[in-house]
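Written out below as structure tokens is the structure these notes cover.
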Amino acid sequence: MPRREDVAERMAEAVLKRLTGRKLLEAKDEAAARAAIKHVLLDDLQAEDRIEAEARQILLDHAKAIRESAADYRSLLGKVKEKLARERGFVL
């Protein structure tokens, strides 16, 4: 997860910089604002990871049928992820 932390940190910095630069946000405590944005981003990234894992498990449960139908695994993975995300109100 350290990589996710780094990504979230860089994204939080960029979001905060853009919002304050455009005067859409006035932060009295930039460190606290950055930490709050980072927290939201990490939650979002973790939710995406959970959807990915669940989609992979669903495809593993149906591996035999997938092999027999010669379906494209990557395409199916994308479709399953989209369906799970839509059911949870999550935007990928």
### Query
Conditions: (1) within 30 Å of T20 (Cα to Cα); (2) more than 13 Å from the chain's Cα centre (by Cα). A63 meets all but one. Number of the miss?
(1)
### Message
So, in region 4-32, how many residues would count as being more than 23 Å from V91 (Cα to Cα) and not in a loop (DSSP other than H, G, I, E, B)?
### Response
6
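With the structure loaded, tell me whether A55 is on the phi > 0 side of the Ramachandran plot, open to solvent by less than 90 Å² (accessible area, probe 1.4 Å) and more than 13 Å from the chain's Cα centre (by Cα) or whether it fails that test.
Here the answer is no, as A55 does not meet what is asked.
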#### Entry: Every residue from region 1-33 that is β-branched (V, I, T) and closer than 19 Å to A47 by Cβ
V7, V15
### Message
Kindly evaluate R50 against the criterion of being in contact with a helix residue (DSSP H, G or I) (Cβ under 8 Å, 6 or more places away or on another chain), in a helix (DSSP H, G or I) and open to solvent by 90 Å² or more (accessible area, probe 1.4 Å).
### Response
no
### Query
Looking at region 60-69, is at least one residue touching a residue at least 12 places away in the same chain (Cβ under 8 Å) and either open to solvent by 70 Å² or more (accessible area, probe 1.4 Å) or touching a helix residue (DSSP H, G or I) at 6+ places or on another chain (Cβ under 9 Å) (or both)?
no
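The values are calculated or read from the model by the stated rules, or taken from the named source; none is laboratory data. Please read all numbers here as calculations on a predicted model, not as lab measurements. Glycine also receives a Cβ, built like all others from the backbone with ideal geometry; neighbour counts cover every protein chain displayed. We work out accessible area using only protein heavy atoms, side chains counted, and drop any ligands, DNA or RNA first. Shrake-Rupley method; radii C 1.70, N 1.55, O 1.52, S 1.80 Å.
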